[in-house]
Amino acid sequence: MQRVVVLGTGGTIAGVAQAGMAEGRYQAGVLPVDALLAGRRLPEGWQASAEQVVAIDSKDLTWAHWQALAAALARHLAEPDVGGVVVTHGTDTVEETACLLDVLHDQRRPVVLTAAMRPATAADADGPANLEQALAAVASLAAAGLGGIWVAVHGRLWRARDVRKAHSHAIDAFDGGGAAPAALWDEAGGWQAAENWGARAEQPPLWHWLARQTPPRVACVFSHADADGWLVHAALAASQPDAPLKGLVVACTGHGTVHEALEAALKDAQAQGVTIWRSTRVARGGVMPADDAPWPATGGLTVGQTRVALTLQLLAPPQRPDVLAYLMAG
Ligand code: ASP
């Protein structure tokens with residue numbers, strides 16, 4: 001018997017509509033993970049245990065929450081009978097958590113994040129099916145000898161670096177920004193690997209390293225019509241010696257272009273020691289690196305994922321000298 005550990009962090013999957021709340025309203029992160037797991041179908045040959053790590057609305061996620069999740073993953077993945085882990089999470093920032101964990105994980109056993117768009121108390125709640133699909137994904141990945149970080153929602157299994165919330169309220173809310181899912185759910189046959197199902201090479205884990213890190217200040221700024229760089233100059237003026245601005249992610253127009261006025265301000269920031277990375281505000285296609293571009297582009301990573309990657313790069317994680325290259329490869 002192998003064991004899958006289900007780590008609860010909150011989110012709509014654990015959301016509850018309480019008496020007196022207006023139609024369609026609910027509170028995220030209320031139901032304990034044991035309650036989510038009760039009655040769920042387990043893959044054959046697997047048993048499950050659960051731990052509540054945090055219970056939050058993932059829009060309020062902090063670095064300390066990530067440290068708690070990393071510590072829990074380190075603890076459980078050290079157990080020899082644990083074949084994989086499921087993390088129940090809010091949809092709002094699951095792409096950022098997946099990206100962070102992808103850099104930290106040793107890639108040996110599967111860790112599958114899942115979420116839901118409808119609260120657990122909704123008549124048509126999607127959480128139970130998503131959780132069962134995530135449990136099945138752990139079993140399928142483990143059987144195929146694949147580790148790594150994945151996100152299973154609404155019948156699709158995504159690689160960590162591709163996944164993003166792409167619809168604000170539809171039940172089918174996630175896509176890959178143009179990238180295909182790694183596997184598709186078939187009600188009769190379980191997970192069917194798509195052509196590019198694949199996984200990274202094994203690495204030393206960085207869970208304990210994260211526990212010792214204080215994140216540098218990294219902010220995001222949009223390029224848009226009539227931009228003038230005011231926000232960048234305001235951030236530079238407000239930067240304090242004890243928590244200086246260290247990084248800026250630009251949500252660029254199109255394939256990585258920046259308004260000339262904003263670009264001038266970003267060059268001022270760079271001259272003051274701020275590292276600039278480029279993502280795009282466009283939903284699909286990403287920004288591919290170009291030799292003549294002023295700042296690195298982060299491929300298909302979303303703006304939020306780019307912020308995670310830049311934060312980690314600035315912390316210079318051991319054994320991952322180039323976080324961006326690491327995330328974009330594999
Ligand atoms: N605000 C919720 C969260 O991210 C949304 C959800 O889970 O769908 O925790």
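The values are calculated or read from the model by the stated rules, or taken from the named source; none is laboratory data. The structure presented is a predicted model; accordingly, all values stated were derived computationally and were not measured. In this analysis, Cβ positions are derived from the backbone assuming ideal geometry, glycine residues included, and neighbour counts consider all displayed protein chains.
Is there a residue in segment 23-33 that is away from the ligand (no atom under 16 Å from the Cβ) and acidic (Asp, Glu)?
yes
Restricting to segment 17-34, what's the tally of residues that are modelled with pLDDT of 95 or more and closer than 16 Å to ASP126 by Cβ? Steps first, answer last, please.
In the first step, residues of segment 17-34 are kept if they are modelled with pLDDT of 95 or more; the result is 31-34.
This time we only want the ones that are closer than 16 Å to ASP126 by Cβ, so: 31.
So the answer is 1.
Only residues in segment 95-121 that are at positive phi count as the first member; pair them with residues that are within 16 Å of the ligand (Cβ to nearest atom) and assigned to a loop (DSSP other than H, G, I, E, B), Cβ under 6 angstrom, at least 6 apart or cross-chain, and list the lot.
Partner pairs satisfying both residue conditions: none exist.
Only one of ASP322, ASP268 is out of contact with any Leu (no Cβ under 6 Å at 6 or more places or on another chain) and free of Cβ contacts under 8 Å to residues at least 12 places away in the same chain. Can you tell me which? Quick ask: steps written out before the conclusion?
Numbers: ASP268 fails: free of Cβ contacts under 8 Å to residues at least 12 places away in the same chain.
So the residue among ASP322, ASP268 that is out of contact with any Leu (no Cβ under 6 Å at 6 or more places or on another chain) and free of Cβ contacts under 8 Å to residues at least 12 places away in the same chain is ASP322.
Of the residues in segment 147-181, how many are among the hydrophobic types (A, V, I, L, M, F, W, C), over 16 Å from the mean Cα position of the chain (by Cα) and within 24 Å of VAL287 (Cα to Cα)? Steps first, answer last, please.
Our first condition is that a residue be among the hydrophobic types (A, V, I, L, M, F, W, C); within segment 147-181, this holds for 149-153, 157-158, 160, 163, 166, 170-171, 173-174, 179-180.
Filter once more, keeping what is over 16 Å from the mean Cα position of the chain (by Cα): 170-171, 180.
Next, from what is left, pick out any that are within 24 Å of VAL287 (Cα to Cα): 180.
Here the count works out to 1.
Return the residue satisfying two criteria in turn: it lies in segment 240-254 and is at pLDDT below 95 and in a loop (DSSP other than H, G, I, E, B), and of such residues it is nearest to the chain's Cα centre (by Cα).
Within segment 240-254, the match that is nearest to the chain's Cα centre (by Cα) is ASP242.
If TRP46 satisfies every condition in (1) surrounded by 14 or more Cβ atoms within 10 Å (Cβ to Cβ); (2) touching a residue at least 40 places away in the same chain (Cβ under 8 Å); (3) under 22 Å from the mean Cα position of the chain (by Cα) but one, which is the exception?
Result: TRP46 passes all but (3).
Any residue at all in segment 72-86 that is within 14 Å of the ligand (Cβ to nearest atom), in contact with a helix residue (DSSP H, G or I) (Cβ under 9 Å, 6 or more places away or on another chain) and of a type outside the set (A, V, I, L, M)? Give the steps one after another, and end with the answer.
Residues of segment 72-86 that are within 14 Å of the ligand (Cβ to nearest atom), as a first pass: none.
Checking segment 72-86: not a single residue is within 14 Å of the ligand (Cβ to nearest atom), in contact with a helix residue (DSSP H, G or I) (Cβ under 9 Å, 6 or more places away or on another chain) and of a type outside the set (A, V, I, L, M).
Within segment 271-294, work out how many residues are touching a residue at least 24 places away in the same chain (Cβ under 8 Å) and closer than 23 Å to ALA243 by Cα. Before you say what the answer is, go through the steps one by one.
Of segment 271-294, the ones touching a residue at least 24 places away in the same chain (Cβ under 8 Å) are 272-288, 290, 293-294.
From the residues that got through so far, the ones that are closer than 23 Å to ALA243 by Cα too are 272-278.
Residues flagged as touching a residue at least 24 places away in the same chain (Cβ under 8 Å) and closer than 23 Å to ALA243 by Cα within segment 271-294 amount to 7.
VAL103 - would you say it is assigned to a helix (DSSP H, G or I), at pLDDT 95 or above and β-branched (Val, Ile, Thr)?
Yes: the conditions hold for VAL103.
When residues of segment 117-139 are filtered for being farther than 22 Å from ASP175 by Cβ, touching a Gly at 6+ places or on another chain (Cβ under 8 Å) and either part of a loop (DSSP other than H, G, I, E, B) or within 11 Å of the ligand (Cβ to nearest atom) (or both), how many remain?
Residues flagged as farther than 22 Å from ASP175 by Cβ, touching a Gly at 6+ places or on another chain (Cβ under 8 Å) and either part of a loop (DSSP other than H, G, I, E, B) or within 11 Å of the ligand (Cβ to nearest atom) (or both) within segment 117-139 amount to 3.
Given the options ALA265, ALA271, ALA261, ALA238, name the one that is surrounded by 21 or more Cβ atoms within 10 Å (Cβ to Cβ) and small (Gly, Ala, Ser). Can you show your working first?
Details: ALA271 fails: surrounded by 21 or more Cβ atoms within 10 Å (Cβ to Cβ); ALA261 fails: surrounded by 21 or more Cβ atoms within 10 Å (Cβ to Cβ); ALA238 fails: surrounded by 21 or more Cβ atoms within 10 Å (Cβ to Cβ).
Result: ALA265 is the single residue among ALA265, ALA271, ALA261, ALA238 that is surrounded by 21 or more Cβ atoms within 10 Å (Cβ to Cβ) and small (Gly, Ala, Ser).
Can you name the residue in segment 1-21 that is within 15 Å of the ligand (Cβ to nearest atom) and closer than 11 Å to LEU131 by Cβ and, of all such residues, is surrounded by the most Cβ atoms within 10 Å (Cβ to Cβ)?
Here is the first cut: in segment 1-21, the ones within 15 Å of the ligand (Cβ to nearest atom) are 7-17, 21.
Pick out the ones that are also closer than 11 Å to LEU131 by Cβ and you get 8, 13-14.
Details: GLY8: 26, ILE13: 32, ALA14: 29.
Ranking the qualifying residues of segment 1-21, first place goes to ILE13.
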